[in-house]
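Right, one structure below, let's go through it.
Read the figures in this text as sums done on the coordinates, not as results from a lab. Quick caveat: nothing in here was measured; it's all calculated off a predicted structure. Cβ placement follows ideal geometry from the backbone for every residue including glycine, while neighbour counts extend to all protein chains displayed.
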Amino acid sequence: MRRIPLTIAVALIATVLTPFGAFAGWRYAEWGATPEEVVENSEGKAELLAEPKETAKGLIIAVKSRTLLSDIPCDVVFQFTPDTRQLVGISLMLRKSNQGGDLYVFLEDQYGQPNPDDVTVKLLEDGESHIVHWRDPELGNQVTYFGVGDLFGVDFAPLDGTVPDR
């Protein structure tokens, strides 16, 4: 089967914009890879969780890492399907909640102004929630920024929701 590398536009742009290639630490991931393959390809930057965790969507978080997104420190988790153990999502969570605005500006610089239909703002009991989607057809990624209260991050997933054949 053919391997299709997971290439995230932000990673490529960040590599150009920052002298040390902030994303070089996790571009090794490929959609459809197993947890062991992600760790092996990371050259020591990612590690298997001793006890994988299930997400609300039924996916399995089995690998974690840390990285910088344009000088913004993030925790990274890799999400896999429970049955086939294929990589289907990557989430970056900001380590400092006061940088949520910086993350949004960075993503908007990379992907442009979002379509108004792709922006959701809700008033919650403890603040607002913001969800913004960008589609990156060139690299085949769905990019989702989220901010809920003081929790901010960005999710990457295959654009059409399916994992390519490997």
| query | With the Cα gyration tensor of the range 26-166 giving a ≥ b ≥ c as the square roots of its eigenvalues, does the rule (a/c under 1.5 for rounded; else a/b larger than b/c for prolate; else oblate) give rounded, prolate or oblate? | reply | prolate
| Pairwise label distance in nanometres, LYS64 with ALA50, each label 7 Å out on the Cα-Cβ vector | 1.1 nm
| query | With r defined as the distance between the Cβ atoms of ASP102 and GLU138 and R0 fixed at 25 Å, what FRET efficiency is calculated, to the nearest 0.05? | reply | 0.55
| query | Between THR162 and ASP71, how many nm apart are label points set 7 Å from Cα along the C-beta direction? | reply | 4.3 nm
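So, by mean Cβ neighbours within 10 angstrom, what's the order for 29-37, 144-152 with the highest one leading? Before the final figure, lay out the partial values.
On the way: 29-37: 20.6, 144-152: 17.7.
Per-residue Cβ counts within 10 Å, averaged per peptide and sorted highest first, yield 29-37, 144-152.
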| query | Cβ under 15 Å from GLY149's Cβ, GLY149 left aside: what net charge do those residues give with Lys, Arg +1 and Asp, Glu -1? | reply | -2
| note | Expected vector for the range 105-115, Karplus 3J(HN,Hα) from phi with 6.51, -1.76, 1.60 and θ = phi - 60°, integer Hz, x for Gly and Pro, equals 4, 4, 5, 5, 4, 7, 10, x, 5, x, 5
| note | In nm, the gap between the two label points placed 7 Å beyond Cα toward Cβ at ASP109 and GLU128 is 2.2 nm
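Indicate the gyration tensor shape class of the range 88-166 (rounded, prolate or oblate), computed on the Cα atoms with a ≥ b ≥ c the square roots of the eigenvalues: a/c under 1.5 is rounded; otherwise a/b larger than b/c is prolate and the rest oblate. Show your work: numbers first, answer last.
Numbers: a/c = 1.84, a/b = 1.68, b/c = 1.10.
Prolate, because a/c is 1.5 or more and a/b exceeds b/c.
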